C-alpha cells in the first residue's frame with residue numbers, strides 16, 4: 001500500500017505534545033476528525049490540527065485509537081517490517097541473549113521495540129507471534145514473511161497465538177495456528193535457557209508457551225538455592241523449580257492450581273534431572289496449600305502469581321491480594337529464609353507493589369531486608385518514551 005492510500009486522522013489543537021515526545025499512543029480524546037470508512041486495524045497517518053504530519057500507525061476502536069509504528073513519513077512495507085525485526089534481532093545478539101546456551105528469548109516486545117501491539121517469542125526453531133492489536137493481526141502475514149527473512153536458516157515454524165489477546169470488540173475471525181512450517185502433531189520443540197531444557201507449550205499453554213521474562217530472576221534463584229528447601233508457588237511450567245534444583249536445593253516443591261501446569265513442570269524437571277527424588281509437585285490452590293504447611297518447612301519461597309490486575313479498575317483488589325499472599329508467606333517462611341515475590345500486572349506500579357509487600361511484612365512483625373529489586377530482562381526492553389512498558393516488578397527479601 002502506498003502512503004497516498006492511507007486514511008487520515010487529525011488531532012485536536014494542542015494534543016500533539018505526547019507524540020512530539022515520541023510516546024507511541026494516540027488516545028481517542030485527542031482525535032478531532034478521521035476519514036470516513038476507517039476500518040479497525042487499518043494503517044493511518046496522523047496530522048496535527050495545523051495540518052502537519054506527525055506519525056503513522058494502526059487504528060483501533062477504543063481508548064488507544066492509534067498505536068504508532070513510525071514518526072517518519074514512510075510506507076509500512078515489507079522493507080519496513082524487515083528493518084524493524086532486524087534491529088530487534090541484532091539487539092538480542094549484541095546483549096548475548098541468543099547463544100548456544102540460550103535459544104529461548106523475546107524477539108519483539110511491543111512498544112519496547114517500536115512495534116506496539118506485537119509480541120514475538122522464539123523457542124529454538126519456532127517463533128510464536130502474538131497480536132495485542134487489530135493492526136498487528138491484520139498485518140500478521142507481512143510480519144511472518146519478514147520474520148522468515150530475518151531468521152533465515154534458524155527458523156522452521158511460525159505459530160500464531162492471539163485468540164486471547166486480540167481486542168474483544170474486534171470481530172477479526174482468526175483462530176490460532178501455524179502461519180508457516182510444522183503442524184501440531186509434528187512439532188516437539190525442546191528449547192534451552194541458560195543450559196537448562198524445557199518444552200514450551202505454545203499450542204495450549206499460557207501466553208506464548210513459556211514465561212521467558214523470568215530468565216534472569218530464575219538464574220538468581222539458582223545462586224540462593226544451595227542446601228535450601230524451596231517452595232515454588234504458581235509454578236506453571238516449573239522454571240524456578242529446575243533452576244533451584246541445579247543450584248543444589250535439598251528439596252523443591254512445585255505448586256499450581258492447574259493439573260496441566262503440574263504435568264508440564266514434571267516433564268521439564270525430568271528433562272533435566274530424570275527421576276530426582278528432591279522434587280515433588282501438587283495441583284492445588286495456592287492459599288489452601290500455604291495454609292496447610294508448617295512454619296519453617298521452607299526457607300526459600302517463590303511467589304510469582306498471574307496478573308492480579310489487568311485494568312485500572314482492579315488495582316485496589318489486586319493490592320489487597322498481594323498483601324494477603326505475602327502476609328501468609330512471611331508467617332510461614334523459616335527464620336533466615338529468602339522470599340522471591342513478584343507482580344506482573346502492568347497497572348500496578350513499583351511503589352504500590354512495594355507498599356503492599358511492606359504492609360504484609362509489618363503485619364507479620366518480622367525483620368525483613370530487601371536484597372534485590374527485580375524487573376524484566378533485556379530482551380523485554382522498555383521504550384524510554386513509554387515507561388508503561390515496565391510491567392514486571394520483583395523483590396528478593398531476607399526474613400530474619
For this session: Would you be able to say whether some residue in region 355-369 is in a strand (DSSP E or B) and within 21 Å of residue 245 (Cα to Cα)?
Result: no
For this session: Determine if region 379-397 includes at least one residue that is part of a strand (DSSP E or B), under 30 Å from residue 69 (Cβ atoms) and modelled with pLDDT of 95 or more.
Result: yes
Exercise. Restricting to region 45-75, what's the tally of residues that are part of a loop (DSSP other than H, G, I, E, B) and either in the same structural domain as residue 110 (by TED's automatic domain parsing) or over 23 Å from residue 166 (Cβ atoms) (or both)?
Worked result: 10
Problem set entry | Close pairs from region 111-124: first free of Cβ contacts under 8 Å to residues at least 60 places away in the same chain, partner in a loop (DSSP other than H, G, I, E, B) and crowded, with 24+ Cβ neighbours inside 10 Å, Cβ under 8 Å, at least 6 apart | 117/133; 118/133
Exercise. When you go through 128, 46, 68 one by one, which is the residue that is under 23 Å from residue 181 (Cα atoms) and in contact with a strand residue (DSSP E or B) (Cβ under 7 Å, 6 or more places away or on another chain)?
Worked result: 128
Exercise. Right, residue 124: surrounded by fewer than 24 Cβ atoms within 10 Å (Cβ to Cβ), modelled with pLDDT under 95 and outside the structural domain of residue 18 (by TED's automatic domain parsing) or not?
Worked result: yes
For this session: Can you tell me which residue among 95, 119 is in contact with a strand residue (DSSP E or B) (Cβ under 7 Å, 6 or more places away or on another chain) and not assigned by TED's automatic domain parsing to the domain that holds residue 387?
Result: 119
Problem set entry | Residue within region 11-26 that is surrounded by fewer than 16 Cβ atoms within 10 Å (Cβ to Cβ) and within 22 Å of the chain's Cα centre (by Cα) present | no
Problem set entry | Elements of type helices (runs of 4 or more DSSP H) contained in region 230-296, each with 3 or more residues being modelled with pLDDT of 95 or more and in contact with a helix residue (DSSP H, G or I) (Cβ under 8 Å, 6 or more places away or on another chain) | 239-246, 259-273
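The values are calculated or read from the model by the stated rules, or taken from the named source; none is laboratory data. Computed from a predicted structure; not experimentally measured. Glycine gets a Cβ as well: all are built from the backbone with ideal geometry, and neighbour counts include every protein chain shown.
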